[in-house]
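Please treat every number below as a calculation from the coordinates, not as lab data. Just so it is clear, the model here is predicted, and its values are computed rather than measured. As a convention, Cβ positions derive from the backbone with ideal geometry for all residues, glycine included, and neighbour counts pool all protein chains shown.
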Amino acid sequence: MKIAITGKGGVGKTTLSAVLSYLYAVDGKTVIAVDADPDANLAAAFGLDKEQTKDLRPIAEMGLLIEERTGARPGSMGGVFKLNPRVDDIPQ
């Protein structure tokens, strides 16, 4: 199952994402929660502090990984993209 949550700012996307991720994990599902927001507050919503997240690297900075998984070179436009790239091994 893949869930994407979008919308305008301040409507609860991060909170909803954190709650759904938590509930699915408690239910025994494997969950990968990706925070694509430039403010990156999802870790804080999970209760992690700055010290615990200082070594996290944004996926947007992983150019080779993006190119491998989507078939798109960062900064390029157009083309055909893989819509369902593998994500279960993305570095933590």
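What size of dipole, in debye to the nearest 20, comes out for the chain about its Cα centre when the only charges are +1 on Lys and Arg C-beta atoms and -1 on Asp and Glu C-beta atoms?
Working: 11 positive and 12 negative charges, 66 e Å.
So the dipole magnitude of the chain works out to roughly 320 debye.
Can you compute the FRET efficiency between Arg57 and Arg86 using 1/(1 + (r/R0)^6), with r the Cβ-Cβ distance and R0 = 25 Å? Round to the nearest 0.05. Walk me through the numbers on the way to the answer.
Values: r = 18 Å, r/R0 = 0.73.
Efficiency, rounded to the nearest 0.05: 0.85.
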Net charge near Val31 (other residues with Cβ under 14 Å of its Cβ; Lys, Arg +1; Asp, Glu -1) is -1
Restricting to Cα pairs under 8 Å and 6 or more apart, the percent relative contact order of the chain works out to 16
With R₀ set to 35 angstrom, the calculated FRET efficiency between the beta-carbons of Ala33 and Met77, to the nearest 0.05, is 0.80
Labelled set (i) 40, 13, 8; (ii) 22, 15, 13; (iii) 24, 16, 15; semi-axes √(5λ) of the Cα gyration tensor in Å computed from this model equals the value at (iii)
The exposure ranking of Ile66, Ile3, fewest beta-carbon neighbours within 10 Å first, is Ile3, Ile66
In degrees rounded to 10, the 0-90 angle between helix 13-26 Cα long axis and the longest Cα principal axis of the chain is 80
Each label sits 7 Å from Cα toward the beta-carbon; between Lys50 and Leu65 the label points are separated, in nm, by 2.3
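Counting only helical runs of four or more DSSP H residues, what would the 222 nm mean residue ellipticity of the chain come to if each run contributes -39,500 (n - 2.57) and the total is spread over all its residues? Provide the component values of the computation, followed by the final result.
On the way: 4 runs with 30 residues, N = 92.
Taken over the chain, the calculation gives -8500 deg cm²/dmol.
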Looking only at lysines whose Cα falls under 22 Å of Lys29's and that sit 8 or more positions away or on another chain, we get Lys2, Lys13
